[in-house]
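Here the structure is laid out as structure tokens; the discussion comes afterwards.
The values are calculated or read from the model by the stated rules, or taken from the named source; none is laboratory data. Note that the coordinates shown come from a computational prediction; the quantities given were computed from them, not determined experimentally. Cβ atoms come from the backbone with ideal geometry, glycine included; neighbour counts cover every protein chain shown. Remember, those area values only see protein heavy atoms, side chains included, never the ligands or the DNA or RNA. Shrake-Rupley method; radii C 1.70, N 1.55, O 1.52, S 1.80 Å.
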Amino acid sequence: MPDRIGRPRIRLGIDTGGTFTDVVALDERTGEMLTTKTPSTPADPAEGFMTGVRKILERLGLGGADLSAVSHGTTVATNQLLEGKVDSLGFITSEGYEFVLEIARQSVPDGYGNSYFWVKPHRIVPADLVRTVGGRMNFRGEELRPFDKDGAVAVARWFRERGIGAVGVCFLHAYANPAHELEMREILAREHPGCVVSISSEVLREYREYERSVTTLVDVAVKPKVTRYISTIKDRLDAYTDSGEDTPRRVPFYVMKSNGGVLSADEVVHQPITTVLSGPAAGALGAALLAELAGFDRVLTLDGGGTSTDVSVVLSGEPTLTTEGTVGAFPSKIPMIDVATVGAGGGSVAWISPEGTLKVGPRSAGADPGPLCYEKGGTEPTITDAHVVLGRIPPHLLGGEIPLSLEAARTGLSELCAALGLSLETCATGILEISAWNQANALRQITVKRGLDVRDFVMVTFGGSGSLLLCRLIDILGLRAVMVPRNPGNVSAFGLLTVDVKNDYVRTAVCRHDDLDPAGVEAIYTELRAEAAAALEREGFAAAEHRFARTADLRYFGQAYEVRVPVPDGPVDAGLARRVADAFHDAHERLYGYCFRDDPRQQVEWVNLRATGIGPIRRPDVPVLPARDGGPERARTGVRPVFFDDWVDTVIYRRDLLSPGDVMEGPLIIEDFGSTVPVHPGFRAVVDQFGNVIVSRTEATP
């Protein structure tokens, strides 16, 4: 019977993907976890969210009154930007800088040899919707020319008359003094009520005008849609958990941020750009925790979903962060977990190019209509259909909730085979091979291109489709091994339960190391810490629970980009500054293979000071599983023909009946509620103490 005595006890993590919504429930009293999945509802994502909430609570025999908190990972902002849906957006900047978006950066993708062929993409705001206002600050925040209030009023009315309902404001050097931007926002509120506004001094308070402008415009572009989405879910969640008492109970509702923390729904609507990599960030964090427990400190994560695959790097238990990320065509300077995405999910469509070659992705059939084998109106073959035809996945998903039609998949692939002149097996294998190389190239992008040897890493695969091609990736990349966690289809949702509330704050303060004023640096860090503490108080954390982390961006004088290094706790003095500079030399050498530690001609320059406020949330315990009697035969459920290099009678194992210490030689298939692990001939699968399946070449040792 459910225990309804005392405080609510169930904390949920809910990750909404393109195809499925994943749910993990944590009982905070016992530490037990339960997982489930439900199809996503792209037309109304909040419906799939609430279906997942009801489904898992019904399985527990509980109701809304038992919820203590909900954490959510969403791709609403990401999808809007990837689809380029940023219409009716205005931009206000400093007089004389109206073409900052057009000029952008002097860079051409794939190098300057591509200059003759590259076509500059459309800017986030066209030139005819950019307006300027007089007034100027210098880089120290000193006013050189007063703010032109009459001009600001005219600009606000101009946007109102044209029906532009979302405006970004970025004035020169507003990172040093936001006074003019604050005045502009007040005028817009008065002259253009209802207009959605973002100002750069609140979105990204650091220098580099182009990146700050685009980051601010991305924030205001996604703000209306993210606000509506979060508000809709919050209202439905409140209605579901309302017990009818005089004082309605509001369940704390958190949203995952790109930086690896969560933020309350009430706060996140004021900084929606922080959610642009919400879903992928949760998966990377969950996989990092599970890999660290398993004893792996250099890890690649691969999150395979229905629409795309997200990959990241984990070093010493922490996913790597970047402030040089992009979302779609738009650069974003906010701190985010460094994730690369490729359109190679289970629903990615196989198609023939005008040149007559086989292509896979990035277009996806998604959840609706989905692959051909779903028989929901899909008309194009997908990666999932290829797996079904080759026998790599069972004839149903989610324990039988979603039946798969082998005949529909074969019929659809046969048409593609005929056009290419290939046999059915060769065509299906080719689809999977292209997908594997697409994933391998994404993994190389975050390793080899950054000076990391991919062969030094163990990979963690998760998501519904993440483990289907792991054996090919071991061969292509030369990986040591691949770890598949328990409940791999729910790792992203699990990750939502492992993260703390986290807020980032930054100030640009450019100064050469020899001229550094420690007292001035201390004053800025004190101000940033106060901002972070105020945000944590709003989130309900007592002062004794607050944690803070300081970092700084440094470079050699004359360089264009910086390296971020930690700043130790304690008063900022000459000794601490020296330790930070030494850490910069070390980090520069690790990243680029050299440093100028012993060359007095190369001066170190401080650029940005950063502070992060952290409100700790209890992480779930990952239990060590007891050993079971006998060998892996206890988990054997049957045999079916599966195509690897040829059709082979392949043993099928049920994942939840495997036990720590079980060792199995391929070929074999391990089936779970939300995922499948094909182990090819020549590979071995071993179950560790936490129930993770470790796959490696038979002759290799992880």
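Quick notes
- Residues of the range 581-603 satisfying the condition of being in contact with a strand residue (DSSP E or B) (Cβ under 6 Å, 6 or more places away or on another chain), in a helix (DSSP H, G or I) and open to solvent by 20 Å² or more (accessible area, probe 1.4 Å): ALA583
- All positions within the range 422-448 that are aliphatic (A, V, I, L, M), assigned to a helix (DSSP H, G or I) and within 30 Å of ARG410 (Cβ to Cβ): LEU424, ALA428, ILE431, LEU432, ILE434, ALA436, ALA440, ALA442
- Residue list for the range 662-702, filter: among the acidic types (Asp, Glu) and either more than 22 Å from ASP303 (Cα to Cα) or outside any strand (DSSP E or B) (or both): ASP662, GLU665, ASP672, ASP688, GLU699
- Cross-chain or 6+ apart pairs with Cβ under 6 Å, the range 179-199 first and farther than 16 Å from TRP158 by Cβ and of a type outside the set (Gly, Ala, Ser), then surrounded by fewer than 17 Cβ atoms within 10 Å (Cβ to Cβ) and modelled with pLDDT under 95: VAL196/PRO224
- Every residue from the range 319-356 that is of a type in the set (S, T, N, Q) and open to solvent by less than 50 Å² (accessible area, probe 1.4 Å): THR320, THR322, THR323, SER332, SER348, SER353
- GLY615 meets the conditions (1) over 30 Å from LEU204 (Cα atoms); (2) touching a residue at least 60 places away in the same chain (Cβ under 8 Å); (3) surrounded by 20 or more Cβ atoms within 10 Å (Cβ to Cβ) in every case but one. The failed one is (1).
- Filter result for GLU267 (over 30 Å from ARG205 (Cβ atoms), over 12 Å from the mean Cα position of the chain (by Cα), of a type in the set (Asp, Glu) and part of a helix (DSSP H, G or I)): no
- Residue satisfying all of: in the range 425-442; under 23 Å from VAL460 (Cα atoms) and either free of Cβ contacts under 8 Å to residues at least 24 places away in the same chain or not polar (S, T, N, Q) (or both); surrounded by the most Cβ atoms within 10 Å (Cβ to Cβ) among these: ILE431
- Residue match in the range 395-409 (condition: over 18 Å from PRO678 (Cα atoms), among the hydrophobic types (A, V, I, L, M, F, W, C), under 28 Å from the mean Cα position of the chain (by Cα) and surrounded by fewer than 22 Cβ atoms within 10 Å (Cβ to Cβ)): yes
- Where a residue in the range 645-672 is under 17 Å from GLY391 (Cβ atoms) and its partner, wherever it lies, is aromatic (Phe, Trp, Tyr) and surrounded by fewer than 21 Cβ atoms within 10 Å (Cβ to Cβ), with Cβ under 8 Å and at least six apart: PRO667/PHE644
- Options GLY31, GLY63: the member that is at positive phi and either modelled with pLDDT under 90 or of a type outside the set (A, V, I, L, M) (or both): GLY31
- The residue of the range 343-355 that is nearest to ASP385 (Cα to Cα), among those that are without any contact (Cβ under 8 Å) to a residue 40 or more places away in the chain and not in a strand (DSSP E or B), is SER353.
- Within the range 357-376, tally of residues that are part of a loop (DSSP other than H, G, I, E, B), free of Cβ contacts under 8 Å to residues at least 40 places away in the same chain and open to solvent by 30 Å² or more (accessible area, probe 1.4 Å): 4
- Which listed residue, of VAL133, VAL220, VAL203, is buried (at least 19 other Cβ atoms within 10 Å of the Cβ), touching a residue at least 40 places away in the same chain (Cβ under 8 Å) and farther than 30 Å from ASP15 by Cβ: VAL133
- Verdict on THR75 being under 21 Å from LEU217 (Cβ atoms), at pLDDT below 85 and either crowded, with 19+ Cβ neighbours inside 10 Å or not hydroxyl-bearing (Ser, Thr, Tyr) (or both): yes
- Applying the set (1) buried (at least 24 other Cβ atoms within 10 Å of the Cβ); (2) under 18 Å from MET33 (Cβ atoms) to ARG486 leaves exactly one unmet item: (1).
- Boolean, ARG208 is on the phi > 0 side of the Ramachandran plot and at pLDDT below 95: yes
- If only residues of the range 147-171 that are part of a helix (DSSP H, G or I) and of a type in the set (Gly, Ala, Ser) are counted, the one that is surrounded by the most Cβ atoms within 10 Å (Cβ to Cβ) is ALA156.
- Which numbered condition GLN106 misses (of (1) open to solvent by 30 Å² or more (accessible area, probe 1.4 Å); (2) of a type in the set (S, T, N, Q); (3) touching a Gly at 6+ places or on another chain (Cβ under 7 Å)): (3)
- Subset of the range 565-580 that is crowded, with 18+ Cβ neighbours inside 10 Å and within 14 Å of GLU605 (Cα to Cα) - its residue that is nearest to the chain's Cα centre (by Cα): VAL565
- Residue that is nearest to ALA519 (Cα to Cα), among those in the range 553-564 that are buried (at least 18 other Cβ atoms within 10 Å of the Cβ) and aliphatic (A, V, I, L, M): LEU554
- Looking across the range 626-644, the residues that are crowded, with 17+ Cβ neighbours inside 10 Å and out of contact with any helix residue (DSSP H, G or I) (no Cβ under 8 Å at 6 or more places or on another chain) come down to PRO632, VAL642, PHE644.
- Of all residues in the range 497-552, exactly one satisfies the criterion of being open to solvent by 50 Å² or more (accessible area, probe 1.4 Å) and of a type in the set (Ser, Thr, Tyr), namely THR526.
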